[in-house]
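Undergrad: One structure, pasted below without further comment.
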2 protein chains.
Amino acid sequence: MTDPCIICVAITGSLPRKADNPAVPITLSEQIESTQEAFEAGATIAHCHVRNEDETPSSDPEKFAALKEGLEKHCPGMIVQLSTGGRSGAGRARGGMLTLRPDMASLSVGSNNFPTRVYENPPDLVDWLASEMKTHGVKPEIEAFDLSHILKAHQMWKDGQITDRPYVQFVMGVKNAMPADREVFDYYIRTVHRLFGEDAPWCAAGIGPNQIVLNDWAVSSGGHART
Amino acid sequence: MTDPCIICVAITGSLPRKADNPAVPITLSEQIESTQEAFEAGATIAHCHVRNEDETPSSDPEKFAALKEGLEKHCPGMIVQLSTGGRSGAGRARGGMLTLRPDMASLSVGSNNFPTRVYENPPDLVDWLASEMKTHGVKPEIEAFDLSHILKAHQMWKDGQITDRPYVQFVMGVKNAMPADREVFDYYIRTVHRLFGEDAPWCAAGIGPNQIVLNDWAVSSGGHART
Ligand SMILES: [Zn+2]
Ligand SMILES: [Zn+2]
Ligand SMILES: [Zn+2]
Ligand SMILES: [Zn+2]
């Protein structure tokens with residue numbers, strides 16, 4: 001438990017806009033500036049989304065390329081993690097940026113409900129995203145919105161679809177998916193240890209008001225944190 | 001642990017055909033005959049799907065009405081549970097039979113992956129199916145394909161969307177959803193006890209070759225069984 005805590009900074013996210021919070025970095029220069037501040041404050045992973053001019057989410061590889069290049073220049077050594085999440089694109093457009101060979105990318109391995117819709121990650125898309133990550137040497141961060149997603153990551157690792165021991169992020173507090181439940185959180189940790197080893201790293205993210213709760217739980221339990 | 005074990009007989013299912021197993025009851029008379037045999041052998045819940053002439057799944061309320069009437073006549077006192085599962089119809093067509101006021105109906109409260117596709121249960125459809133069951137006095141059986149589905153059932157009970165204490169079925173062994181994992185099975189039981197009380201009943205179903213495994217686990221752990 002004396003390992004340093006890794007802080008992953010989700011600088012922009014897929015949804016929040018200036019109208020929600022004027023501090024949300026939307027433009028490329030805002031994103032680079034914000035990430036550099038976080039990097040200098042100790043964050044070592046940047047979880048990245050890109051946006052269109054009108055602030056709507058995008059998965060345009062050119063936008064991701066520009067952001068990645070800017071971060072590599074201004075935050076040397078910081079780990080760049082690009083989102084392949086479903087809010088920014090559909091189908092294989094979600095993985096078009098993987099040829100940029102970022103250090104990491106998020107990977108959802110199952111489907112679940114979101115507040116008003118189904119978060120669709122069909123099996124063939126999951127397989128394709130994982131194979132693209134493997135081909136291009138991108139380390140996945142498994143987004144576990146539910147327990148079976150951790151077991152699915154284990155199966156994919158055993159089957160060779162994931163090269164290294166999976167790095168899992170527990171996502172809690174999404175309405176209609178997994179709530180921020182401490183008992184489940186502890187069981188998630190036990191499951192990661194059972195499947196991936198007692199020394200397996202993991203991280204946790206809480207949505208909205210659950211963010212600080214999950215940060216507290218994760219840091220005090222030997223996990224890593226997502227802002 | 002001295003309560004009698006409830007055996008729920010899934011006579012037809014949504015998918016298997018005569019070509020897979022000539023013993024699968026497809027026609028109305030086959031379904032009634034098969035259920036009666038199971039009833040006389042001790043099964044007390046009939047989990048029902050209906051089929052078209054060509055064996056494809058249907059959610060036609062008239063077919064369900066004929067089956068329900070036949071079962072009530074030939075298996076007096078048997079609990080009739082109609083499926084609202086997504087393999088037999090789409091959207092609100094999945095709940096058209098609820099006005100028949102069967103004793104029970106299956107209710108999926110979240111989404112998950114199936115072997116080759118997403119099993120879609122969008123939040124608005126879940127809410128509508130639950131409200132139809134409440135309106136027509138139908139007791140839901142919660143189909144838990146993943147852990148969050150048990151917590152969602154708890155939330156729906158607290159919110160009044162489910163009237164009685166939820167009766168949960170653990171579904172394991174579906175590829176790309178929850179595998180038949182004994183540790184998770186035991187945690188499911190603990191979660192049911194934590195959320196619904198130490199005396200809360202539950203049941204379990206295994207898919208394909210996992211069926212007999214889950215029957216064994218359930219019966220030996222104080223749960224109820226689905227054939
Ligand atoms: Zn440690
Ligand atoms: Zn993200
Ligand atoms: Zn008992
Ligand atoms: Zn069924």
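Undergrad: Return the average number of partner chain Cβ atoms within 10 angstrom of each residue Cβ along peptide A:42-55.
TA: Numbers: counts 0, 0, 0, 0, 0, 0, 0, 0, 0, 0, 0, 0, 0, 0.
Partner Cβ neighbours, averaged per residue: 0.
Undergrad: Find every distance from the label point of A:R92 to the corresponding label point in the other copies (7 Å from Cα along Cα→Cβ) and write them in nm, one decimal, shortest first.
TA: Output for A:R92: 3.8 nm, nearest copy listed first.
Undergrad: A:A66 label points, 7 Å along Cα→Cβ, one per copy: pairwise distances from this copy to the rest in nm, shortest first?
TA: 6.4
Undergrad: Here is a follow-up. Given the pairs B:K18/B:K63; B:K68/B:K134; A:K152/B:K134; B:K73/B:K139, which are separated by over 23 angstrom at their Cα positions? Walk me through the numbers on the way to the answer.
TA: Details: B:K18/B:K63 19 Å; B:K68/B:K134 19 Å; A:K152/B:K134 35 Å; B:K73/B:K139 21 Å.
From B:K18/B:K63; B:K68/B:K134; A:K152/B:K134; B:K73/B:K139, over 23 Å: A:K152/B:K134.
Undergrad: Would you mind computing the Rg to Rh ratio of the protein assembly as shown from its alpha-carbon coordinates, Kirkwood style for Rh?
TA: Details: Rg = 23.8 Å, Rh = 23.4 Å.
With Rh from the inverse mean 1/r over Cα pairs, Rg/Rh is 1.02.
Undergrad: Just A:V109, A:V138, A:V174 to compare: in a GNM of chain A, with alpha carbon springs under 10 Å, which one fluctuates most?
TA: A:V174
Undergrad: Among A:G206, A:G160, A:G13, which one shows the biggest mean-square fluctuation in a GNM of chain A, springs joining Cα atoms closer than 10 Å?
TA: A:G160
Undergrad: In addition: In nm to one decimal, list the spacings between the A:T163 label point and its equivalents in the other copies, with label points set 7 Å along Cα to Cβ, shortest first.
TA: Taking the point 7 Å beyond Cα along Cα→Cβ, the inter-copy spacings are 5.8 nm.
Undergrad: Which trypsin sites (Lys or Arg not before Pro) does the range A:139-227 hold that lie in a coil by DSSP with at most 15 other beta carbons within 10 Å?
TA: Numbers: sites: A:K152, A:K158, A:K175, A:R182, A:R190, A:R194, A:R226; in loops: A:K175.
Here the sparse-neighbourhood loop sites are A:K175.
Undergrad: Now, a different point. Suppose every K and R has +1 on its Cβ and every D and E has -1 on its Cβ; what is the size of the dipole of the range A:7-226 about the Cα centre, in Debye to the nearest 20? List each step's numbers first, then the result.
TA: On the way: 21 positive and 28 negative charges, 73 e Å.
My answer is approximately 360 debye.
Undergrad: Which residues in the range B:135-173 place their backbone N less than 14 Å from a point set 7 Å from the Cα of B:E183 along the Cα-to-Cβ direction?
TA: none
Undergrad: Report the calculated FRET efficiency for B:S131 and B:I212 (r = Cβ-Cβ distance, R0 = 41 Å), to the nearest 0.05. Don't skip to the answer; put the middle values down first.
TA: Details: r = 36 Å, r/R0 = 0.89.
Approximately 0.65, to the nearest 0.05.
Undergrad: How high is the FRET efficiency between B:C5 and B:R194 when r is their beta carbon distance and R₀ equals 25 Å, given to the nearest 0.05?
TA: Numbers: r = 22 Å, r/R0 = 0.89.
That gives a FRET efficiency of 0.65.
Taken together, the values in this text are just the output of simple stated rules run on the coordinates, not laboratory data. The shown structure was predicted, so the numbers you read here are calculated from the model rather than taken from an experiment. Here the Cβ is made from the backbone with ideal geometry for all residues, glycine too, and neighbour counts use every protein chain on show.
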